[in-house]
Amino acid sequence: MSIPSKVQFNPRWKEELVCMMDGRQFIIEMTMGVYTAYLPSEAKWEQAAPEWAAGQWERVRADAAAWCEGQKMPLVIEDRAWIHFE
């Protein structure tokens with residue numbers, strides 16, 4: 001079994017954090033005044049996730065936490081955070 005690649009993160013000007021996972025893209029909220037990334041709770045993720053993203057919340061959370069730490073910004077997990085799957 002191969003190890004999944006890391007999720008890639010790229011901030012975008014409209015307070016969005018574009019995330020690439022296994023060749024697919026989704027977007028989470030990232031405020032710019034005080035840089036902070038917001039990831040929806042696992043329950044909200046699973047409710048909104050298409051088939052390719054279902055069951056991947058912990059992978060995304062771990063990679064987002066590591067990326068945010070490297071950027072010296074907090075990662076907030078909350079039910080009100082929005083997500084857009086493309």
Open item on the list: Just the number please: accessible area per residue for segment 7-55, 1.4 Å probe, all protein chains included, in Å².
Closed with: 55 Å²
- [ ] Could you tell me what fraction of 2.2 N^0.38 Å the Cα radius of gyration of segment 1-54 comes to, as a two-decimal ratio?
- [x] 1.24
Open item on the list: Among 73-83, 36-46, how do they line up by average Cβ neighbours within 10 Å per residue, starting with the highest?
Closed with: 36-46, 73-83
- [ ] Putting +1 on Lys and Arg Cβ atoms and -1 on Asp and Glu Cβ atoms, find which of Ile28, Ser41, Ser5 reaches farthest to the positive end of the dipole of segment 3-48.
- [x] Ser5
Open item on the list: Need the full-extension length gain, Met32 to Asn10, defined as separation in residues times 0.36 nm minus the C-alpha distance. One decimal, nm.
Closed with: 6.6 nm
TODO: Return the carbon/sulfur percentage of the accessible area of the chain, one whole number, probe 1.4 Å, all protein chains in place.
DONE: 52 percent
TODO: Might you report the magnitude of the Cβ-based charge dipole of the chain about its Cα centre, with Lys and Arg at +1 and Asp and Glu at -1, to the nearest 20 debye?
DONE: 240 debye
Task: Relative packing of peptides 62-69, 28-35 - highest average C-beta neighbours within 10 Å first - done: 62-69, 28-35
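The values are calculated or read from the model by the stated rules, or taken from the named source; none is laboratory data. It should be emphasised that the depicted structure is a prediction, and the values quoted were computed from it without experimental measurement. Cβ atoms come from the backbone with ideal geometry, glycine included; neighbour counts cover every protein chain shown. We work out accessible area using only protein heavy atoms, side chains counted, and drop any ligands, DNA or RNA first. Shrake-Rupley method; radii C 1.70, N 1.55, O 1.52, S 1.80 Å.
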